[in-house]
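Working notes for the structure below.
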Amino acid sequence: MYSRAGKWALMSALTVLSVSACTGWGGYPPAKNVHGSQLVGTWHARDCDTTLTLKRDGSASVTGMPAEMDLDGKVTHRGGGDGTWEIDGSRAEQELDVTIGNETTPFDLYRDEGRLLVGLTVGDPDDMNWCVLTKHP
């Protein structure tokens, strides 16, 4: 038989798990109805030292994009270059696809208190190596 405190702890844990299952990566809710014009501009992730520039004509450039990170979140390999971008709405949640050469990298789109965020998961999602890019004017 559970004590009152035990029942409270169990219910609190289940509530936290169910709420976190409804949010996206990093705890941010997925952005909905994102238009290309909202993404045009320069995005930067200070923690990952990554810059992504998206132009109206569909061209893109990226510098310092982490390709691999160790378990401590330190970048061990970076990539970058010039290519193209598009919004992929074929899944339940929109994503930003950036293609450099013949490799496409998916970026997730999230909102934090109304602000649009671009997120990159590096490697295995279970390792929780994320880069959060914010738009710069």
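Here are some notes:
- On inspection, Thr76 fails the criterion of being modelled with pLDDT of 95 or more and farther than 18 Å from Pro30 by Cβ.
- Taking the criterion of being part of a loop (DSSP other than H, G, I, E, B) and in contact (Cβ under 8 Å) with a residue 12 or more places away in the chain, the residues of the range 40-58 that qualify are Val40, Asp47, Cys48, Asp49, Lys55, Arg56, Gly58.
- Restricting the range 28-39 to residues that are of a type in the set (Gly, Ala, Ser) and touching a residue at least 24 places away in the same chain (Cβ under 8 Å), the residue that is surrounded by the most Cβ atoms within 10 Å (Cβ to Cβ): Ala31
- None of Ser90, Ser61, Ser37 is among the hydroxyl-bearing types (Ser, Thr, Tyr) and part of a helix (DSSP H, G or I) except Ser37.
- Top-ranked residue of the range 51-66 - restricted to ones that are within 15 Å of the chain's Cα centre (by Cα) and over 16 Å from Asp97 (Cβ atoms), ranked as surrounded by the most Cβ atoms within 10 Å (Cβ to Cβ): Pro66
- When the range 104-137 is filtered for residues that are in a strand (DSSP E or B), in contact (Cβ under 8 Å) with a residue 24 or more places away in the chain and open to solvent by 70 Å² or more (accessible area, probe 1.4 Å), the ones remaining, listed by number, are Trp130, Lys135, His136.
The values are calculated or read from the model by the stated rules, or taken from the named source; none is laboratory data. Being a predicted model, the structure only gives us computed values, none of them experimental. Here Cβ is always computed from backbone atoms with ideal geometry, including for glycine, and neighbour counts include all displayed protein chains. Keep in mind that these areas ignore ligands, DNA and RNA; they rest on the heavy atoms of the full protein, side chains included. Shrake-Rupley method; radii C 1.70, N 1.55, O 1.52, S 1.80 Å.
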